[in-house]
Ligand code: GN1
Ligand code: MG
């Protein structure tokens, strides 16, 4: 349902009061980042103690309960993870979610499932060709995994079961093709055929996980570089955000997802797939940063499959975008009718280029793994 600005302001004000935010509501803006949840920055007027008015900002998010069907458990995961980080690494900045009067870190009401956190003044990057920033993003995600290496994975609820199970993502695509509820399959035969032609290679990590050849860790699972907040002035990483999918996973899920997003020459939804491809310099910079933190803990199989993981994650996401397009765009937010199709084509073009550059990627991984071991 589309709301007017006034209606949205009223809703956000109501949510702010439920989370006991003091001071008069001043304004809000929608933050367009993120393909699943809705995010708003809300601004309040606060007396700074000397009678001068100051603006204090928060982030309000409406969790997409089509994607996250157990949002209460999701918020419990976030609570456990952030509490663990706060306790174990008191000097590391961490997200802070506010509580309602009845001590819940969420609010469920007639128009959704809401949460509210502090706003951290920062910059984020959707695309970035500055190798130093990319390297720092690699360090930030590497640090994040290392910080959680002592965290008991048993405590985590699977917020989206089989999230990075590439075999089951392929199965979902095949089911969508079979159902074809919108009559869109004929138009995307070429994409379907290509994805099916590389299925076994794309699913290699999933198969190795099943056979016990790759260890489970606690991973972030949604490592787009825009999930790292950077200091506005120094461009040093401040904090890793978007903890909705912190679950047991493979190191390659974090590495591969970051690469397929950050090291693509084109934006994820670029309408011209011929512009997509793997930027090996960015690949190198991220790998450096990530492995400078993770290399000492890698198994041989993990090292050997890191480069492949970026191909796997690009194919996996292609199957997700394509299945969503075929099913009528129910999962990912879209801005126009062919948005998911354009995302699919761009991701496939990237995956094809990754195949051509696999040897180079492997050489970079091996070199960094050795240097930082
Ligand atoms: C979604 O919401 P956002 O932008 O963090 C999706 C990721 C995809 C990504 C593609 C929970 O992430 O898995 O890789 O879109 N998150 C979920 O842009 O499905
Ligand atoms: Mg996310």
Legend entry - the stretch 142-174 versus the stretch 287-333: alpha-carbon centroid distance in Å: 12 Å
Inset, instruction - With springs only between Cα atoms under 10 Å apart, run a GNM on the chain and tell me which of 108, 361, 294 wobbles the most. - result: 108
Inset, instruction - Pop a pseudo-label 7 angstrom from the Cα along the beta-carbon direction at both residue 80 and residue 119 and give the gap in nm to one decimal. - result: 3.2 nm
Legend entry - Proxy reagent accessibility, fewest Cβ within 10 Å first, across 190, 302, 110: 110, 190, 302
Legend entry - Mean separation of Cα contacts under 8 Å, 6 or more apart, over the residue count of the chain: relative contact order %: 18 percent
Inset, instruction - Please say if the stretch 131-372 is rounded, prolate or oblate, where rounded means a/c under 1.5 for a ≥ b ≥ c the square roots of the C-alpha gyration tensor eigenvalues, and otherwise the choice is prolate for a/b larger than b/c and oblate otherwise? - result: prolate
Inset, instruction - Assuming R0 = 25 Å, can you tell me the calculated FRET efficiency for the pair residue 330 and residue 359, based on Cβ-Cβ distance, to the nearest 0.05? - result: 0.05
Legend entry - Overall dimensions of the stretch 222-333 as given by Cα atoms, namely Rg and Dmax in Å: 15.1, 45
Legend entry - Percent antiparallel among DSSP beta bridges (both partners in the chain, rounded to 5): 100 percent
Inset, instruction - When a/c is below 1.5 the answer is rounded, else prolate if a/b is larger than b/c, else oblate, so apply that to the stretch 5-118 with a ≥ b ≥ c taken from the square roots of the Cα gyration tensor eigenvalues. - result: oblate
Inset, instruction - In a Gaussian network model over the chain where Cα atoms closer than 10 Å are linked, find which of 318, 17, 117 has the largest mean-square fluctuation. - result: 17
Inset, instruction - Take the alpha carbon gyration tensor of the stretch 292-373, find the square roots of its eigenvalues, order them as a ≥ b ≥ c, and report rounded if a/c is under 1.5; if not, report prolate when a/b exceeds b/c, else oblate. - result: prolate
Legend entry - the chain: calculated mean residue ellipticity at 222 nm from DSSP helix runs of at least 4, using -39500 (n - 2.57): -15000 deg cm²/dmol
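Relative contact order of the stretch 20-177, please, whole-number percent, based on alpha carbon pairs below 8 angstrom and at least 6 residues apart.
Details: 178 pairs, mean separation 30.2, N = 158.
Here the relative contact order equals 19 percent.
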Inset, instruction - Could you tell me how many degrees, from 0 to 90 and to the nearest 10, lie between the Cα long axis of helix 131-147 and the main elongation axis, the longest principal axis, of the Cα atoms of the chain? - result: 80 degrees
Legend entry - Using alpha-carbon coordinates, inclination of helix 339-356 to the longest axis of the chain, degrees: 40 degrees
Legend entry - Residue exposure sequence - 310, 136, 149, 168 - by fewest surrounding Cβ within 10 Å: 149, 168, 136, 310
Inset, instruction - For the chain, with a Gaussian network of springs between Cα atoms less than 10 Å apart, report the residue from 187, 275, 316 with the top mean-square fluctuation. - result: 187
Legend entry - Rounded to 10°, Cα long-axis angle of helix 358-372 versus longest principal axis of the chain: 60 degrees
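For a quick check: sort 139, 29, 199 by the number of other beta carbons within 10 angstrom, fewest at the front.
So the residues, fewest neighbours to most, are 29, 199, 139.
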Legend entry - Average Cα contact separation per residue, the stretch 239-373, under 8 Å, 6 or more apart, as relative contact order %: 36 percent
Inset, instruction - Calculate, in nm to one decimal, what residue 5 and residue 160 gain on full extension: separation in residues at 0.36 nm each, minus their alpha carbon distance. - result: 52.6 nm
Legend entry - Length gained when the stretch residue 127-residue 178 is fully extended (0.36 nm per residue, less Cα-Cα span): 14.8 nm
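Each value in this text was obtained by applying a stated rule to the coordinates, not by laboratory testing. Keep in mind that this is a model prediction, so the values were computed, not measured. Note that we place each Cβ from the backbone using ideal geometry, even for glycine, and neighbour counts take in every protein chain shown.
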